[in-house]
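Read-outs: derived from the displayed coordinates by stated rules, not from any lab. This one's a predicted model, so the numbers in the text were calculated from it and none came from an experiment. No Cβ is skipped: glycine too gets one built from the backbone with ideal geometry, and neighbour counts run over all protein chains shown.
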Amino acid sequence: MAAGAASGGSATTDTYKESRFWLLLPAWVVLGIFVLAPVMMMLIYSFLTKEFRGGVIWELSFAAYDQFFCDRGLFGDEPCTIEWTYIQIFWRSIWQAGAATLLSLAIGFPTAYFIATRPESQRPLWVFLITIPYWVNLLIRTVSMKFLLRDQGPLNDALIGIGLLDSPLHIVNTNFAVQLGLFYSYLPFMVLPIYAAVERYNFALSEAAADLYATKWTTLRRILLPAVKPGVIAGCILVFVPSMGSFLAPDLLGGAKNFMIGSLIEEQFKGNAGNWPFGAAASMILLTMVLIILLIFARQQAKAEKEA
Amino acid sequence: MSNTTSNAIEVRDAVKRYGDFTALKRISLSIKDNEFFTLLGPSGCGKTTLLRMIAGFEDVTEGAIFLYGDEIENLPPHQRPVNTVFQNYALFPHMTILDNVAFGLEMRGKSKDQARSRAGEMLELVQLSQFAARKPSQLSGGQQQRVALARALAPQPKVLLLDEPLSALDLKLRKAMQLELKHLQRETGITFIFVTHDQEEALTMSDRIAVMSAGEMQQLGGPKDIYEKPRNMFVADFIGETNLLEVSVDGINNGRAVCHLGGGHELTCDAVDGVGVGSHVHMSVRPERLYMSDKPVETESLKGRIKENIFVGTDITTIVDLEDGPEFVVRTSNSDRGNKRIFEPGAEMYVNMELGAARLLVD
Amino acid sequence: MATAKYDIKSYSGFRAITLLCLVVLYAPLVIVTIYSFNSSASITTWEGISLKWYADVFTGPESEKFKLAARNSFVIAITAATVSTSIAVFAATAMVRGGKFKLRTVSFGLISLPLMVPEIVTAVATLIFFNSIGFDRGIMTILIAHIAFCIPFAYLPISARMQGIEDSYEQAAMDLYATKRQAFTKILLPLMMPGIISGFLLAFIVSLDDFIITNFVKGAGVETLPTAIFGAVKQGIKPNIMAISTMLLGISVIMVTISYFVSKTDNTK
C-alpha cells in the first residue's frame, strides 16, 4: 500500500495520453458509484432518523451522534453529560490495535531485518514464506487460531502433556487472544515495508559507524533505525489501521467482553435490532480517525521523501 | 519548390519547448538523398530530440519537417515512412527474431507469409538467418544490434534513423559495426540519420555532420571540414583534442592574421570572417600538427622548454612551456619517431607548425 | 574457522525471532490441516487418520449448503476478478502511459480508496447505498461490491509491472507502422501479462476470501463459503469445517505459488 502510493506519483510516459479519459472512465464510474457515493450516502444516513425494524426514515436527526457522545439519563430527558460506553469501545479498539501493532513490530522488525540481510537469491523465498499465510482466508486463519488456543486445544494439550502446565491456560476470550489474532492477521503488512527499507539501506553506513567505534546495537539505534524509519512507520500504519476496524479477530477470539468498534458497527445492521443511523455515525467516526492518521502519515512520508 | 524535393529531410525553423525549457532553438537543416548524416553533440544538446521529432515521437512546437517534399510533422509515427534503430534496440522480447523483423511488414499490410519471407532475406543480409527462431534475450549485444537494423530496414523506409545504436557495444565490436553500417548504407542507398555523442564515430562514418550544443547547431560540414576548420570554441574543443589559446589579433594582411600569444610569442594564421584587428579571441592548434626541433624550422616556430613526456601507447604526449607564454601539448606518433624528435624534460627546444595549422575561432 | 567472524549485519536472536514468527504463522494452519484428517467425530481427541470429513463435505447432511456456497463463491470470484482486472488494465494504462494530468492524483486516490477505508466501513456504506437506491440484496450486490473492492488489488501489480516496461517498445512498434491500438494489443499487453496474471490472482483470492463486505450485502439466504463457514463456526468448530478450510487453504497456496513463479518470469529480458 505504501509502496504503491509512492509509485503512484512517479513519472509516466505519454503514449496513450489521448485515450486516458476513456481508459480511466470505467474505474471512475465503478469506484465513484460503488465506493465514493456509498460513503457519502453513509454520511447522510448518519443524520437521519432510525426506523425500528432496520433502515431509516428520511428525517434530519442528530440522534445518532447524540447517542454516541451524550448520556441523557434513564429516560433520555436530562442535559448532556459525556457518554462513556462508546468512547470506551473506541478506546479499547485503539488500545488493542496499538498492542497488536507493537507485537507485530517486535516480531516483524527482526524478521524483516533478517530476511533483508539474507543472500539476494534467498530473499524472494523468505518473503514468499511470510506472505503465504496472508493469502489464506482470514476467517480460516482466525478459526485455526481459535482452534489452536482453545482450553482443550492442541497448544494446551501439548503444554500439559510435557508437564509445563497442570491445568489449561485460558487464552481464548482474552485481550491477548485478540491481539494475537490481529498480529496474525496483518503481520505481512509490517514485515514487507520494513524489509523493503532495510534492503535499500546502504550497509556501508553501518560499517562507517563501526569503524568509528560504535557497537552493533548503537549502530542499529543511531544509524540504521533513522534510515529505515519511513518503512517502520508504514508498517505500523498498515497494521494499526485495519486492526482498529477489524471484526473477525475480536468477534471469534475476544468474546463478548472484548467488544471492538467492528462488532459495535456490525450489530447495528444485524436483523431487526439494529440502529442504522447510529451504525453509520460510528462508521463515520472510525473513517474520520483513519483518514486523519493516513493524512498525517502521507505528509510525513512526503517530508521524508523531500529530505532524502 | 524543386530544391525541397531533392532533399530527403528538410527541417525548417524547428523549435521544441518543454514548458519553460527550450530543447531546440530554431534549427534549420537539409539532409540530402542517399546521405549518411550525423547529429553530433554531448548529451542534452537536442540531437535525440530532433531525431525523435523526425520519427514522430515528439511534437514540433514550431516549424516544419519535410520528407522528400511532403510535410510530415503532424503525422503520427506509424504513418511516416521512416524507421528507427533505437538506442537499446527495443526488440520485442516476447517475439522471435523473425517475427521482430517481420513486424513492420505485417503492419504495412503484407500477409504473414510474405512478411516472413522478406524478413528471412533481411536476416540473411545481416548474417543472422540461423537465429531466426530465437528470442532477443538469447542473442549477444552485437547480434541484437543487427536484428534491430534488419527490422528497421525491412519495410524499406525512405530514411533510416539511428539513435546512438552502437553505444552499448564494446570498443572492438563498435569499430566493426561502424564499417558495416557504412557499407550497408552504400548498398541500400537509403538516407541514414545517425545520432551520436562520439566524435570519432561521427568522423569515421559520416558524409556530413551537424555539431549541436545547447539546442543550437554549432557547425555543419564534412568530417574533414569540421575537424580542420572548427568554427568556434565548442566545436574545436568537442571534436578531437586541441590546444586552445587566448590570443589578441595584432594585424591582418592579405588574408593572414598576426596573433599575439603573450610573452612576446607570435603566430600567423588564416584570417576568419568576424575576427578583426584588436579582438581577443581563441585559437585552436591540433597537437598532432605540432613537432619539435632544436632550431627554428618553419616560419611558425616558438621557443619553449619541455615540461613532461607522457607515454600513451600509440603516441607520446609532450607538454611544452613557452617562456612567459602559454603551455602547448604536442603529440608525436610512435611510428614517426624516426623523423621527429623527442626531448628530455627540461630541454630547450622549438615547437613548429605549418602555416594554416593554427585556426582562429569566432567565439 | 577458529575465530568467530564479526559480521556487522547480523544480530544474535534475529534468526530465532524469524523462526518463531514462521512457527506462529504456520502452526495454526498446520494443526487444522492435520486435524481435518482426524477420524474422530470430536475435535478434541485424535483417533487416527481418515478422509471421512472430506467425504462428509461432499456427501454429508450439510453438503448441499456448502456446494451452493462454493459455487456462489467461485462464480463471484471469477467474475469479479475478470472485470476488476480489465478495469485495472485500462486504468493502469492511463495512469502510467497517459502523461501528467490534473486528475491523475485524484484518480490514484480514488483507485486506492478501498484500501484506505476500513473494510467494515466499506461494508456499511455499500449496504446503505444499495438500500437507499432500493436495490435488492443478493448475488448481484455481492458481485458489484467485490468488483469495486478488488480494483486496487488488481491495479497495484499491473501498474508496477507497466512502470517496469520501457516505452521504447511501443514506440518501436509505432515506428514500424503499428497504430496505437496495435502497439497496445501486440506489444504492451503481452509484456504486461505477468502483472495481469498476478493482479487477477490477487483479486480472485481477495474476492474468494472476503467475509465482512459479503456478510453485509449478501441478503437473506444467499451464502458464500466464508459466510457459510462463519455461520457454522458460530455453533462451534466441527471437523467438516476443518476439511473445507484445508481445501481452501490448498487453493490459496496453489494461487500464491503460481503468482510467485509468474512474477519471477520477466518477459522483457
Label zone at C:LEU20 (point 7 Å along Cα-to-Cβ), backbone N below 16 Å, the range A:102-141: A:102-115
Magnitude of the Cβ-charge dipole (Lys and Arg +1, Asp and Glu -1) of the range B:7-233 about the Cα centre, nearest 20 debye, reported as 380
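Pop the C-beta distance of A:ARG118 and B:LEU171 into the FRET formula with R0 = 41 Å and round what comes out to the nearest 0.05. Mind showing how you got there, number by number?
Numbers: r = 38 Å, r/R0 = 0.93.
Here the calculated transfer efficiency is 0.60.
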Under the Cβ-under-4.7 Å rule, which cysteines of the protein assembly as shown stay unpaired? A:CYS236, B:CYS45, B:CYS259, B:CYS269, C:CYS21, C:CYS150
18 Å cut-off, amide nitrogen to a point 7 angstrom out along C:THR59 Cα→Cβ, residues in the range C:223-250: C:240-241, C:243-244
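Under the √(5λ) rule applied to the eigenvalues of the Cα gyration tensor, what semi-axes describe the equivalent ellipsoid of the protein assembly as shown? Give them in Å, descending.
Details: eigenvalues 1010, 220, 164 Å².
With the √(5λ) rule applied to the protein assembly as shown, the semi-axes are 71, 33, 29 Å.
Set the Förster distance to 56 Å, then compute FRET efficiency between A:GLN88 and A:PHE128 from the Cβ-Cβ distance, nearest 0.05. Could the numbers behind the result be given before it?
Values: r = 41 Å, r/R0 = 0.74.
So, using R0 = 56 Å, E works out to roughly 0.85.
Rank-order B:296-308, A:212-224 by packing density, defined as the average count of other C-beta atoms within 10 Å over each peptide's residues, highest first. Kindly include the intermediate steps, with their values, before the conclusion.
Values: B:296-308: 16.0, A:212-224: 13.6.
My ranking of the peptides, most packed first, is B:296-308, A:212-224.
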Between the range A:46-118 and the range B:109-135, what is the C-alpha centre distance in whole Å? 68
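Determine the gain in length on full extension of the stretch B:ASP321-B:LYS303; use 0.36 nm per residue of separation and subtract their C-alpha separation, reporting nm with one decimal.
Details: separation 18, 0.36 × 18 = 6.48 nm, distance 0.87 nm.
Using 0.36 nm per residue and subtracting the Cα-Cα distance, I get 5.6 nm.
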Using the alpha-carbon centroid of each, what span in Å lies between the range A:161-178 and the range A:193-227? 39
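Return the average number of partner chain Cβ atoms within 10 angstrom of each residue Cβ along peptide B:75-86. Before the final figure, lay out each step's value.
Working: counts 0, 3, 12, 10, 3, 3, 1, 1, 4, 6, 2, 6.
Mean shielding by partner chains, rounded to a whole number: 4.
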Estimate the FRET efficiency between C:MET140 and C:LYS102 by the formula 1/(1 + (r/R0)^6), using the beta-carbon distance for r and 41 Å for R0, to the nearest 0.05. 0.75
Dipole moment magnitude, nearest 20 debye, the protein assembly as shown about Cα centre, only Lys, Arg, Asp, Glu C-beta charged: 2400
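Could you work out Rg/(2.2 N^0.38 Å) for the range B:7-233, with Rg from alpha carbons only? If you can, show how the numbers build up before the last one.
Working: Rg = 17.4 Å, N = 227, 2.2 N^0.38 = 17.3 Å.
Taking N as the residue count of the range B:7-233, the ratio is 1.01.
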Would you please state the base-10 log of I(q)/I(0) at q = 0.11, 0.15, 0.17 1/Å for chain C, with intensities from the Debye formula using one equal scatterer on every alpha carbon? -0.81, -1.15, -1.29
In a Debye calculation with equal point scatterers on the alpha-carbon sites of the range B:107-154 and no solvent, what is log10 I(q)/I(0) at q = 0.13, 0.15, 0.19, 0.31 Å⁻¹? -0.28, -0.37, -0.58, -1.23
Cβ-based charge dipole, the range B:240-363, positive-most Cα from B:GLY276, B:TYR350, B:GLY251: B:TYR350
Pair B:ASP237, A:GLU59: separation of 7 Å Cα→Cβ label points (nm): 8.5
With the dipole of chain B worked out from charges on the C-beta (+1 for Lys and Arg, -1 for Asp and Glu) around the Cα centre, which of B:VAL11, B:ILE319, B:ALA148 lies farthest toward the positive end? B:ALA148
Pick out, from A:TRP276, B:ASN88, A:LEU165, the residue whose Cα sits farthest towards the positive end of the charge dipole of the protein assembly as shown, with +1 on the Cβ of Lys and Arg and -1 on the Cβ of Asp and Glu. A:LEU165
Most packed first (mean Cβ within 10 Å per residue), the peptides B:278-284, A:113-119 order as A:113-119, B:278-284
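Would you kindly give the portion of the calculated P(r) for the range B:241-361 that falls above 22 Å, as a percent of all Cα pairs?
Working: 2278 of 7260 pairs.
Here the tail beyond 22 Å accounts for 31 percent of pairs.
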Computed helical MRE - 222 nm, chain B, DSSP H runs ≥ 4 contributing -39500 (n - 2.57), nearest 500: -7000 deg cm²/dmol
Counting only DSSP beta bridges with both partners in the range B:7-233, the antiparallel fraction in percent, to the nearest 5, comes to 55
Considering chain A as a Gaussian network with a 10 Å cut-off on Cα pairs, which listed residue, A:TYR16, A:TYR65, A:TYR195, attains the greatest mean-square fluctuation? A:TYR16
Could you work out how far apart the two model spin labels at B:GLN130 and A:ALA158 are, taking each label as a point 7 Å from the Cα in the direction of the beta carbon, and quote it in nm? 6.1
Using only Cα atoms, locate the centre of the range C:88-135 and the centre of the range B:240-283, then give the distance between them in Å, rounded to an integer. 71
Site B:GLU216, offset 7 angstrom along Cα→Cβ, radius 17 Å on amide nitrogen, limited to the range B:35-74, gives B:40-42, B:44-47
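Treating only the Cβ of Lys, Arg, Asp and Glu as charged (+1, +1, -1, -1), what charge dipole size does the range A:66-214 show about its Cα centre? Round to the nearest 20 debye. Spell out each step's value before the answer.
On the way: 8 positive and 12 negative charges, 109 e Å.
For the range A:66-214, the charge dipole is close to 520 debye.
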